[in-house]
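Please read the structure below before turning to the comments.
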Amino acid sequence: DITDGSQAAGFVRFAVPLVFTMLFLMSVLMTSGYLMQGTATEKENKVVDVLLASAGPDEILAGKLLGLGGAGLLQIAVWMIFVLVGGIGIVPLLMTSQIEMPWVALALAIPLFLVAFLFFGSLMLGTGSLGSNMREAQQLAMVWSLTAALPMMMMAVLIREPHGIVARVMTWLPFSAGPLIMFRASTDLDYLAWWEVAGSFVVLLLSTWLAIRLGARLFRIGLLSASRPKLAEILRQARLS
């Protein structure tokens, strides 16, 4: 019997990159959100005053990033195990449709997650710490959540042209570099040059270094301010620090 596997192949080619990109964004945003939520709760309940008595703001920031970064990696590992165990029925579909698993995208997932989490986590934590309560912290950090969701907003264009001009430009933006590398690597690796992966990873590393420095200054100002500081006060404290 001869069966047409074109529909199954098209479905798998559409589903695999989409699922990978969604899992990547969810893990980064959820982990960064927990980070900001914990800081806002500690500041609102005055627990941060106790922490500042034994550690500096930069040490608290580093501890939170490292601790929740490890928790985020564990979360990704659990999700992958559930996907592999629960996706036993998908294996025959992959075999009949002759679709290879995106092993390169899987190998890039861990380093990309670490760098993207440090990038967004530093910005969200630093910006959110300026709020006096959880509601203000969410409002201040919402801009970073919107920029992180940019690949999902452009998903229709990316699926239609996964290696087009829009996808290539977004690969070099630090806000979308991580998801776009995974998306393009899992879609068709032959159209993704090695220098694009290396160059965008370097851009993401430099942007993460700047984000950590900016987030540390904002975090220091936010922890030492009893109320939400104004922009002039933030700039003045940033110059002093």
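A full extension of the chain between Y191 and L173 corresponds to an added length of 4.6 nm, given 0.36 nm per residue minus the alpha carbon distance.
Set the Förster radius R0 to 25 Å, insert the Cβ-Cβ distance between E161 and L106 as r into 1/(1 + (r/R0)^6), and round the FRET efficiency to 0.05. For R0 = 25 Å, the calculated efficiency reads 0.60. Working note: Karplus 6.51/-1.76/1.60 with θ = phi - 60° gives region 131-139 the couplings x, 7, 8, 5, 5, 5, 4, 5, 5 Hz, where Gly and Pro are set to x. With the simple model of a label 7 Å out from the Cα in the direction of the Cβ, D49 to A71 spans 2.5 nm. Packing, as the average of other Cβ atoms within 10 Å across residues, places the peptides 211-222, 170-181, 44-55 in the order 170-181, 211-222, 44-55, highest first.
Every number here is computed from the coordinates shown, using simple stated rules; none is lab data. Owing to the predicted nature of the structure, the values given are computational and were not obtained by experimental measurement. Note that each Cβ is placed from the backbone with ideal geometry, even for glycine, and that neighbours are counted across all protein chains shown.
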